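S.K.: Supplied in structure tokens, the structure appears directly below.
The values are calculated or read from the model by the stated rules, or taken from the named source; none is laboratory data. Please read all numbers here as calculations on a predicted model, not as lab measurements. Heads up, the Cβs are rebuilt from the backbone with ideal geometry, glycines too, and the neighbour counts pull from every protein chain shown.
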Amino acid sequence: MKRKIVLPIFLVLLFYLIFSGCAQRKNPLQMTVDQGGIFETSIDTAFTLINNVLGDPFGRTLLVYLPPGYQEGVSKSYKYPVLILLHGFKENGSSYAHYYRIKTIADQMISSGEIQPMVIVMPDGSGRFGGSFFTNSVYANSSVFAGKYEDYVTRELFDKILYDYGVAIRGVSYKVTPNDSLVFRDSVVYDTVGCKDTTKTIPDCPESLLVIDTTNYLLIDTVRWVDTTISIPDTASFVVNCGISGHGNGGYGALRIATDYPLIFGSVSVMSAPLDFASLLNLVPAFMDSNGVNRQTGQGYHQINPDPDRLDRLSSFFFAMAVAFSPHEPSNPDLSTFFKLTPSGKGVDLPFDSLGDTVSVWRDKWLDADLKTRISRIPSSDTSLNSLKIYIDCGDQDEFGFKDQTLTFYNSLPAVIRNNTSLQIYSGYPGYSALDNSFIYDRLREVLKFHSDHFTAP
């Protein structure tokens, strides 16, 4: 009888010891993830986007990811690298935060030591047709059509970043001037050949108080009266710690901006982007078919309704590119490929006619914007891109033939640039193809690691 009582007591004690030990024992695979934060801010009046004919908003929000320990780092004069992340087609500045979970990815990778802490800026470059390609949509005289989105990123967005976070950015000098020596300044941005742009002015700023600093790479706030002087005395440190990345139309924008401004960006990454416009011509028959155009007679071409709410994705993509690259010049009497987009008669030219044949718009405007063509035109004596670090990826089932475009673009690069370029093609598995917007979680991890590896060590 005693034996029957002792055995259950022994089993209860053994159960308690085992499971209490398990509760106290730390899981060696469990990692504490420090938390960063995503903050929303805005540029209420972007001068580069104002007066666009499509009525797209010129006030834009942007999201900024600040890494774990940011405030403590600032208090200890720690300087962070910066990554600008441009969104894809039919997306906006919040897509990385709300859909692709950039905060979760960055927090995990920073906490594990895979990447160094960085500031990530996610601007909004969305447009009426789904994307701006982060380029300047302008007429021949440089007046605004749909908005100067490249200037928005390189001027007003940079101005905002440096004004709000310059105290914590590597290579940046941030100094507040006393009120009694307040200086009103225009925005000065130096391009790759050192020329300054002083086209924007502060309203009612006394001419006698306008001071242009011609010795430093200088960006000053363009909206407010400012009492903060921001300069970049250590340009080498700033450039190597400034990267830009993008997905889809944002990937095109990222690479175009980085190649246009190699003295600002030291690294660029591109995910599933249109990198060879000539390959897009293979999609013209599908465009015609989806819009009911007879490809033998051209009947129905001029009846295409360019209402973005009614267009399919491929058609929206072509019209978005036309908005970005080929606004119809008001003085041009040729209406053979013209499509009206506004009640006032403003519109765009497609690069192909009713039979699908390319027209002068293709040669004069679209090829001029084609990244493969633009890089091929750089003279061998120009070495400004030789140190730019490039990462390109795409899925093997990407839409719009991005895989073929990516391979064509990569193989066309001059050897000195290709040697600094990493290429990755993602493959899917049964039931889950590697499309342009799939595997983004894995791809963003590669993107963040790529840029972190090319930023200077903390």
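S.K.: Just checking, how many residues over the stretch 361-386 are assigned to a loop (DSSP other than H, G, I, E, B) and out of contact with any Pro (no Cβ under 7 Å at 6 or more places or on another chain)?
M.R.: Here the count works out to 9.
S.K.: Being touching a His at 6+ places or on another chain (Cβ under 7 Å), under 27 Å from TYR149 (Cβ atoms) and surrounded by 22 or more Cβ atoms within 10 Å (Cβ to Cβ) is the requirement here; does MET271 meet it?
M.R.: Yes, satisfied.
S.K.: May I pose another question? State whether the residues of the stretch 312-329 include one that is surrounded by fewer than 21 Cβ atoms within 10 Å (Cβ to Cβ), of a type outside the set (Asp, Glu), part of a loop (DSSP other than H, G, I, E, B) and touching a Ser or Thr at 6+ places or on another chain (Cβ under 8 Å).
M.R.: No, the stretch 312-329 contains no residue that is surrounded by fewer than 21 Cβ atoms within 10 Å (Cβ to Cβ), of a type outside the set (Asp, Glu), part of a loop (DSSP other than H, G, I, E, B) and touching a Ser or Thr at 6+ places or on another chain (Cβ under 8 Å).
S.K.: If you check SER354, SER344, which single one turns out to be over 23 Å from GLY292 (Cβ atoms), in contact (Cβ under 8 Å) with a residue 40 or more places away in the chain, in the same structural domain as ASN305 (by TED's automatic domain parsing) and assigned to a loop (DSSP other than H, G, I, E, B)?
M.R.: Going through SER354, SER344 in turn, the sole match is SER344.
S.K.: Within the stretch 125-191, considering only strands (runs of 3 or more DSSP E) that don't extend past its boundaries, which have at least 3 residues that are at pLDDT below 90 and over 23 Å from LEU85 (Cβ atoms)?
M.R.: Fully inside the stretch 125-191 and qualifying: 173-176.
S.K.: Going by the structure shown, is PRO351 loosely packed, with under 15 Cβ neighbours inside 10 Å and either at pLDDT 90 or above or of a type outside the set (Val, Ile, Thr) (or both)?
M.R.: No: the conditions fail for PRO351.
S.K.: In addition: Quick one: LEU413 ticks every box in (1) farther than 20 Å from HIS451 by Cβ; (2) modelled with pLDDT of 90 or more except a single one, so which number is it?
M.R.: (1)
S.K.: Do the conditions hold for GLY251, that is, is it crowded, with 19+ Cβ neighbours inside 10 Å, at pLDDT 95 or above and under 24 Å from MET321 (Cβ atoms)?
M.R.: Against the criterion (crowded, with 19+ Cβ neighbours inside 10 Å, at pLDDT 95 or above and under 24 Å from MET321 (Cβ atoms)), GLY251 qualifies.
S.K.: Kindly provide the set of residues from the stretch 288-306 that are part of a loop (DSSP other than H, G, I, E, B) and farther than 12 Å from LEU355 by Cα, ordered by number.
M.R.: Listed by number, the residues that qualify are ASN291, GLY292, ILE304, ASN305, PRO306.
S.K.: Would you tally the residues in the stretch 137-167 being buried (at least 21 other Cβ atoms within 10 Å of the Cβ) and either without any contact (Cβ under 8 Å) to a residue 12 or more places away in the chain or in contact with a helix residue (DSSP H, G or I) (Cβ under 8 Å, 6 or more places away or on another chain) (or both)?
M.R.: The qualifying residues number 7.
S.K.: Select the helices (runs of 4 or more DSSP H) contained entirely in the stretch 387-458, then report the ones holding at least 2 residues which are of a type in the set (Phe, Trp, Tyr) and closer than 16 Å to SER269 by Cα.
M.R.: The qualifying helices (runs of 4 or more DSSP H) are 402-412, 440-454.
S.K.: Additional query: Would you pick out the residues in the stretch 269-320 that are touching a residue at least 40 places away in the same chain (Cβ under 8 Å), closer than 16 Å to LYS340 by Cβ and among the hydroxyl-bearing types (Ser, Thr, Tyr)?
M.R.: Hit for the stretch 269-320 is TYR301, nothing else.
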